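Worksheet: the structure to be examined is printed underneath.
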């Protein structure tokens, strides 16, 4: 803070020589010839002060420095050139070296994180307007307004600039102000493992949430998900619990209704049995591929939070110890700045308002239960056996036996005939006495 204070004192002494390079200059000078204004818009007329007595237009938006868009936060000092040299600085302070209120600092961090590299003119202009409003407020110690106030001392006239904005520009300012208030940090991230028992090779959903301190979910936040002992579920490695043999089961149900089919149906049954064996074998190979992954290999993906600040990721355990880790960028409590080598140039901020958040969870997955197969082998004897030949054994999934109807009728006739013969013999024997 002391370093920043002395820096601005030095700027006060050099104010006269700095006036020709102000970003509000109406006529371009050699000092600003290489300044590249990226995205934003001009305010015309601009705010009057000692360095801009005629109210020349001023720029609200980003500058291109070393190939990157940046925002300036020392209102009315000299704009940076495209090859300006900067070095990492301390936390962002007011234009006059005082501390920025905590809530404003958090809002600045949020805007830099979300819109630091915007290429939209209205958004860039709105962010610049809010940054100057929160870093060069006339109410801060050291800030002044007036046509005779020098550039290093002049504050940002919030009311003047607000009235100079178009309806669309003002609407965007209000939107971003409200958004920054709602979603400012500090954020928290939570990761929740599935409640159900996990099994190697079977996928389940993990859930995550990104929230503000007040519990508001933060939307559209990319979150990196890193897995150890697991993989992100894809169509190639997901076992949803279904069995490819369900179609075969339906076919077998139909077979039970056709037990009196001829030999051609036996051939079709053999084909279906062979197809079933192929399906079972294919399932075994697929599951082995999933559970046989190298446990030390981590898988990684990126998910984006939805409107409620939550997201899910489908995870397939490949080992008993499953670890899932989250990483994301969140607004820092205090944004940091880039300090110019030349003390007369504005301090800049780009994406210095961020910090990294992490969350990690572990669980134990159960091994895949061994595969079991049930099959029945029977022998079906052909109706006709050639002389000296042997019946061919036919593999069937099921076997049923039945007594031919003709045999039943013949047996009944034999019984009736035997009964009649017995009665006739009895009559002859006893009648002859």
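Just so it is clear, none of the values below were taken in a lab; they were calculated from the coordinates. Note that this is a predicted model, so its numbers are computed, not measured. Reconstructed Cβ throughout: ideal geometry from the backbone, glycine too, with neighbour counts over all protein chains shown.
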Could you calculate the FRET efficiency of residue 224 with residue 342 from 1/(1 + (r/R0)^6), where r is the beta carbon distance between them and R0 is 45 Å, rounded to 0.05? 0.75
Please report how far the C-alpha centroid of the range 141-156 lies from that of the range 40-119, rounded to the nearest whole angstrom. 16 Å
Packing-based ranking, highest mean first, of 151-159, 116-124, 137-145 given that Cβ atoms within 10 Å are counted: 151-159, 116-124, 137-145
The extension gain from residue 214 to residue 83, computed as 0.36 nm times the residue separation minus the Cα-Cα distance, is 43.0 nm
Could you calculate the FRET efficiency of residue 302 with residue 103 from 1/(1 + (r/R0)^6), where r is the beta carbon distance between them and R0 is 30 Å, rounded to 0.05? 0.50
With each pseudo-label sitting 7 Å past Cα toward Cβ, what's the residue 64-residue 120 distance in nm, one decimal? 2.1 nm
Could you work out how far apart the two model spin labels at residue 44 and residue 195 are, taking each label as a point 7 Å from the Cα in the direction of the beta carbon, and quote it in nm? 6.4 nm
Give me the one-decimal nm value for the distance between modelled label points at residue 312 and residue 147, 7 Å along each residue's Cα-to-Cβ direction. 6.6 nm
Can you order the peptides 69-81, 332-344 by their average number of other Cβ atoms within 10 Å per residue, highest first? 69-81, 332-344
I need the peptides 91-102, 160-171 ranked by packing, meaning the mean over residues of other C-beta atoms within 10 angstrom, with the highest value on top. 91-102, 160-171
